[in-house]
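Coordinate-derived values only; no laboratory data. As the structure is a prediction and not an experimental result, all values here were calculated from the model. Cβ atoms come from the backbone with ideal geometry, glycine included; neighbour counts cover every protein chain shown.
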Amino acid sequence: MTEPPDALPRPQGTPTLSPARFALAVARCVRFYSRLPVPALPGEADPHAIPDFRVEPVGLPVAALIIALPAVLVAALAFAVRLDPVLVAALAITALVITTGAFHEDGLGDSADGLFGGHDVERRLEIMKDSRIGTFAGCALVLSLLIRVMALAAIVRAGGLDAAIGALLLAAVTSRVEGVRVLASLPVARAYGASAAVGKPSPKVAMIAIAIGLALAAIVAMLCGLPPSGVIAGLVLGNLAVSILAGLARRLIGGQTGDIAGAAQQLAEIGVYLGLAAGFAA
C-alpha cells in the first residue's frame with residue numbers, strides 16, 4: 001500500500017532502554033506534552049523530531065511531575081495569599097492548561113465531537129481531524145474544566161495546600177499513564193495519522209511506565225498525606241472512565257488516536273480529583 005503524500009514518517013529500527021535513553025525520554029516527553037522550554041540534549045540530533053512512542057513513554061511519569069510544577073507553584077502562591085479554595089483551584093487548572101497548551105483538552109474536544117457526532121468510522125475520524133469545535137466538544141470541555149475546578153477546590157478546602165499539591169501531582173502522573181495504556185492496548189484507528197507515526201508502545205514499555213507511575217503516585221500520596229481511600233477511589237474511577245472510553249473508541253472508530261489518548265488523560269484526571277474529594281469528605 002502506498003502512503004499518502006502527507007503521511008508522517010514512522011520510527012524505524014529497534015529502540016533500546018538505557019539510563020541515558022531514559023533521561024532523553026523524560027526530556028522529549030516534557031517537550032512533547034507541554035510548552036515548557038527544553039534545550040537540545042547531548043546526543044540528540046534533532047530536538048524537534050517526532051517522538052518514538054515505542055519506548056519514550058517510560059519517561060512520561062517523571063515528565064508529568066515536571067509538567068505539573070507550574071500549577072503547583074501557582075496553587076501555592078494563591079493559597080499563601082489566602083484566596084478562596086475555588087480561586088486556588090481555578091488558577092491551578094488554568095496553569096495546567098497554559099503549560100500544556102490545552103494539549104489534552106484538544107484531544108477531549110475532538111474525541112467528543114468525533115465519537116458522538118459521526119454516523120460511521122470514516123466520518124467520525126474526519127470530524128476528529130477538524131479543528132472546529134462542535135456542540136459535543138464544547139459541552140465536554142466546559143464540564144471537564146468545571147468538574148476539575150470544583151473537585152480540586154473541595155480538596156483544597158478539606159486538606160489544605162499539601163492536599164492540593166498531592167492531588168495535582170498524583171493526577172498528573174496517573175492520568176498520563178492511562179493515556180499510555182490506551183495507546184498500547186488498542187490498535188491504531190488511522191493508518192497514517194500522528195498516532196501511527198509516533199509508534200505504538202509495546203506491552204513491556206506500557207508496563208514499565210505504569211510501574212513507575214504507580215511508584216511515584218505512592219510516594220506523592222505518602223508525602224502529601226493523601227487519604228488512602230481517596231487515592232484508591234481516584235485510581236479506580238480514572239481507570240474505569242478510561243476503560244469505557246477505550247471500549248467506545250474500539251467500537252466506534254476501530255481503535256485509538258492521539259485525540260483518544262488526550263481524552264483518556266482528561267477523564268483519568270477527573271477521576272483522581274473526584275476520588276480524592278470523596279476520600280477527604282469521608
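Note on Lys129 and Asp162: with the Förster distance fixed at 45 Å, the Cβ-Cβ geometry gives a FRET efficiency of about 0.60. Taking amide hydrogens as placed 1.01 Å from N in the peptide plane, the amide H of Val188 sits under 5 Å from those of Gln256, each at least 5 positions away in sequence or on another chain.
At 18 angstrom or more along the helix axis (alpha-carbon based) and mean Kyte-Doolittle of 0.5 or higher, what helices does the chain contain? Whole DSSP H runs only.
Those that pass (Cα extent of 18 Å or more, hydropathy at least 0.5) are 19-33, 60-80, 85-100, 135-185, 203-223, 228-253, 258-281.
Taking a label point 7 Å from the Cα of Ser18 along the Cα→Cβ vector, which residues of segment 42-56 have an amide N closer than 16 Å to it? Only 42-45, 55-56 pass the distance filter.
Mean residue ellipticity at 222 nm, helices only, the chain: -25000 deg cm²/dmol; runs of at least 4 DSSP H residues each add -39,500 (n - 2.57), and the sum is divided by the number of residues. Taking a point 7 Å from the Cα of Asp84 along the Cα-to-Cβ direction, the residues of segment 160-189 with backbone N closer than 18 Å to it are 160.
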